[in-house]
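The values are calculated or read from the model by the stated rules, or taken from the named source; none is laboratory data. A quick note: this is a predicted structure, and the numbers were derived from the prediction, not measured. Here the Cβ positions follow ideal geometry from the backbone for every residue, glycine too, while neighbour counts run over all protein chains shown.
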Amino acid sequence: MTLVPRTRRTAPLARAPSQAGQSLEEEDQKRALKQEHYAYHCQACLGAMEVLKAAPPGTYVFAPGYRQRFLHAHHVEHRQNGGALGGGNLLILCEYHHRLFGDQLSRALVLAGLAEATPMKRAFPEDETGEKLQKRSGLLTRTPLSAAPFEARLYFTEEHAAAWRLNGT
Ligand SMILES: [Zn+2]
């Protein structure tokens, strides 16, 4: 049983955050980003390498169910500091990258990265052997960081990037 009505396959990622029930929408957007936008991959892993390199066939991380356990929806601007709800304030990061640079990535840095993003395709596996691939268009951002690892590369879907831009500066 699900708590979230699924009238649309993909929840809109940017929405006025004023209605009651916003936490359900927030959960729906987190799910949509993880599942539909990034197929349970981390935006930083996909920014750094191809899908099959991040999650090689024949390893446990090839199975989405395992990857899901290490995947976090990170609020770039923390909710307690007035950060917005919804996809325009979220990054999908694995546990490793969340710890590595989650707190270094400010809203301004992510938006600056998006302003200079370049088109990039990633090939997602369509079958259980990883032989059939589907190339999906997205964007690559490169964000300089003041501390190690000194750069964050993130893969964005177009719709996720649009939600960030819509949320403003
Ligand atoms: Zn990662």
Inset, instruction - Go through (1) at pLDDT below 95; (2) surrounded by 11 or more Cβ atoms within 10 Å (Cβ to Cβ) one by one and return the number of the condition Glu95 breaks. - result: (1)
Inset, instruction - Would you mind stating whether Gly21 is farther than 16 Å from His97 by Cβ and either at pLDDT 90 or above or out of contact with any Leu (no Cβ under 8 Å at 6 or more places or on another chain) (or both)? - result: yes
Inset, instruction - Tell me, yes or no, whether the stretch 61-79 has at least one residue that is within 19 Å of Leu13 (Cα to Cα) and among the small types (Gly, Ala, Ser). - result: yes
Inset, instruction - Sort through Pro56, Pro64, Pro12 and tell me the only one that's under 22 Å from Arg136 (Cα atoms), surrounded by fewer than 21 Cβ atoms within 10 Å (Cβ to Cβ), at pLDDT 95 or above and out of contact with any Lys or Arg (no Cβ under 6 Å at 6 or more places or on another chain). - result: Pro56
Legend entry - Index of the failed condition, Gly86 passing every other in (1) crowded, with 18+ Cβ neighbours inside 10 Å; (2) on the phi < 0 side of the Ramachandran plot; (3) touching a Leu at 6+ places or on another chain (Cβ under 8 Å): (2)
Legend entry - Selection within the stretch 23-43 - away from the ligand (no atom under 15 Å from the Cβ) and either among the hydroxyl-bearing types (Ser, Thr, Tyr) or in a loop (DSSP other than H, G, I, E, B) (or both): Ser23
Legend entry - Test: residue in the stretch 93-104 that is away from the ligand (no atom under 14 Å from the Cβ), under 14 Å from the mean Cα position of the chain (by Cα) and farther than 17 Å from Glu27 by Cα: no
Legend entry - Condition check for Leu71: surrounded by fewer than 19 Cβ atoms within 10 Å (Cβ to Cβ) and within 22 Å of Arg153 (Cβ to Cβ): no
